[in-house]
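Contents: one structure, followed by commentary.
Every read-out reported here was derived from the displayed coordinates using simple, explicitly stated rules and does not represent laboratory data. This structure is a prediction, so every number in the text was calculated from the model and none was measured. Ideal geometry is used to build each Cβ from the backbone, glycine not excepted, and the neighbour counts take in all protein chains shown.
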There are 2 protein chains.
Amino acid sequence: MNQNEIKVFCPATVANVSCGFDVLGVALDSVGDEMVIRKVPQKGIKITKLTGQDLPKETLNNVAGVAGNAFLLASDYDGGFEIEIDKKIKPGSGIGSSAASSAGAVWAMNHLLGNPFSKTELVKFAMEGERLASDVAHADNVAPALFGGFTLVRSYSPLDIISIPAPTELYVTIIHPQIEIKTSDSRKILKTTISMETGIKQWGNVGGLVAGLFKEDYALIGRSLEDHIVEPIRSILIPGFDEVKKVSIEAGALGSGISGSGPSIFAFSKGKESALKVGNAMKSVYDKIGIAYEIHVSKINMEGVKLL
Amino acid sequence: MNQNEIKVFCPATVANVSCGFDVLGVALDSVGDEMVIRKVPQKGIKITKLTGQDLPKETLNNVAGVAGNAFLLASDYDGGFEIEIDKKIKPGSGIGSSAASSAGAVWAMNHLLGNPFSKTELVKFAMEGERLASDVAHADNVAPALFGGFTLVRSYSPLDIISIPAPTELYVTIIHPQIEIKTSDSRKILKTTISMETGIKQWGNVGGLVAGLFKEDYALIGRSLEDHIVEPIRSILIPGFDEVKKVSIEAGALGSGISGSGPSIFAFSKGKESALKVGNAMKSVYDKIGIAYEIHVSKINMEGVKLL
């Protein structure tokens, strides 16, 4: 590789994190895509290679292409980029597949040009990829993919991304049952109003989760993983959800919920051993039901997209 | 005074703190009531003296009496307490007048008996005083009055109070226009549902405020002092509110909002000098309108109710 070409790791992410619908997200350390980005004199973005998944390679139909175009439009660079994507995160899994590609593309382009843009500006470009993927330019996956750790999207207008620390022994277990739910569909079933009473519970839990992460208080993190708004509705679309959550907690998880818009289910644990035990408990549910699955156990990724 | 009698300072508190309706609160250092609590062999609570404000002295009609009864009911102590209250916080001011009396009473009783109860248990007793004052047993004033600093009521059932640190240079300016709004009335005008969109903004700000307090990031604290749910409605009841908020920010405040259910308006500042400037700006508005006011400038009280 020369200095005009880099290879990056693009982390999978868990958005919402139970109570933090549309605002919270966290990046995973050992689950993600790999991308090669090459600076070329020809204007525009070209996806030259796409392996691992069956996804469109045309620039305007690919999230990395769309995010890259948003980047180019704001940049004074007058060349272009070629992109190779080795897609390891399955689309529709609920662990930020589109966000990984969008974030990876813009992070790498920024790196190759000497970092003219801030991370928050990169989030804006990557959000255009999210708009293509799910009709909504949400930031709760691309923000942790770019910043690493936990992120809070305090405000969308103006965009205000806050980094939140994570205690070192926090592990994430993810089970992805092999059924497909489109993000756009899973948004459609949500209600447009909530009761004040439910709202109060929700922002109490968001405050509790943020405080727990700063205090490294694992029990408080666990208690705050409650979602009275989205989970009761979306979990209907995920076979075995209640059972997976129940056995995860019984196996020692701090808490559990839907990853993003599902169907993946996440659980937080203190320590790797506990996270692996939770994984086994989760598997047993889908083994019984007879649904194929993938399982991931990961530390928190504290830096976001990184050079390989 | 003998060992059966103590004198305590009971801090005023700002509940809600803009975005944290019903969950956040903060205690003030230099504004509060004074109470003397005396352990006596006679069963029950007796309010022997009440100065400063015209309030009922009968145990069942006084918040300190009601909170004290809740304490006695849970305790295995079979004597009683006499209470003297020097009420400096005006009832109906929106800075936790009833909470100060309720919290002070149960904290002092607990102290006199060798602290058999935890602070969270004391919050439960003091909440009974709040139920008398406003028909709702809310905890967002009594929690900071007892714990000090900022507190988050993560959950009411079970009651879960989280202490949140405050940066040392954070100051509070309060202006209390001399008009009366009953807490019960100001709750009635609130809506029982909110839009999902508004909810997302609100829990984004709660997360931002909690993160800002941990990070000692004054600008983030300021940006998070937004309330899209309660302030737009309740501020209608407070003459000059928009103007007070505007001039406070112009004078250098980090942010400003309604204290509790009003009519007091609070602003946060970095440093005492800035907080005093904000106070002068606030005064100018009510001088112009011709409404009498009281003004307070205070540091954060980090310990809650304390011995004098």
Hey, how many Å between the Cα centroid of the stretch A:218-269 and the Cα centroid of the stretch B:33-57?
49 Å
What is the Cα radius of gyration of the protein assembly as shown over 2.2 N^0.38 Å, N being its residue count?
1.07
Which value, in debye to the nearest 20, gives the size of the charge dipole of the stretch B:1-129 about its Cα centre, when Lys and Arg are +1 and Asp and Glu are -1 at the Cβ?
140 debye
Kyte-Doolittle cut-off -0.5, length cut-off 27 Å along the helix's own axis using Cα: show which whole DSSP H helices in chain A pass.
A:196-215
Magnitude of the Cβ-charge dipole (Lys and Arg +1, Asp and Glu -1) of the protein assembly as shown about the Cα centre, nearest 20 debye, reported as 0 debye
Grab the DSSP H runs of chain A that are 4 residues or longer, score each as -39,500 (n - 2.57), total them, divide by all residues and round the 222 nm result to the nearest 500 deg cm²/dmol.
-11500 deg cm²/dmol
Working from the pairwise distances between different alpha carbons, so that the mean of 1/r is found and then inverted, what is chain B's Kirkwood radius in Å?
19.2 Å
If unit charges are put on Cβ atoms (+1 for Lys and Arg, -1 for Asp and Glu) and the dipole of the stretch B:170-299 is taken about its Cα centre, the option from B:SER269, B:SER184, B:ILE233 lying farthest towards the positive end turns out to be B:SER184
Using only the Cα atoms of the stretch B:107-182, what semi-axes does the equivalent ellipsoid have when each is the square root of 5 times a gyration tensor eigenvalue? Give whole Å, largest first.
22, 19, 14
What does the average come to when, for each residue of peptide A:150-161, you count the partner chain Cβ atoms lying within 10 Å of its Cβ?
4
What's the ranking of B:67-77, B:120-130 by average number of surrounding C-beta atoms within 10 Å, highest first?
B:120-130, B:67-77
Set of aspartates and glutamates near B:LYS43 by C-alpha distance (under 17 Å), chain-local residues within fewer than 8 positions excluded
B:GLU5, B:GLU58, B:ASP76, B:ASP78, B:GLU82, B:GLU84
Cα-centred dipole magnitude for the stretch B:170-299, charges only on beta-carbon of K, R (+1) and D, E (-1), debye, nearest 20
120 debye
Taking the label point 7 Å from Cα in the Cβ direction, how far apart in nm is B:VAL40 from each other copy of itself, listed shortest first?
9.1
Among A:161-171, B:253-263, A:9-19, B:27-37, how do they line up from the highest to the lowest mean number of other beta-carbon atoms within 10 Å?
A:9-19, B:253-263, B:27-37, A:161-171
List the lysines whose Cα lies under 19 Å from the Cα of B:LYS49, skipping any in the same chain that are fewer than 8 positions away.
B:LYS7, B:LYS39, B:LYS57, B:LYS87, B:LYS88, B:LYS90
The stretch A:170-299: spread of alpha-carbon positions along the three principal axes, whole Å, largest first, is 40, 36, 20
Teacher prompt: B:LYS246 distances to equivalent labels in other copies, 7 Å Cα→Cβ, nm:
5.8
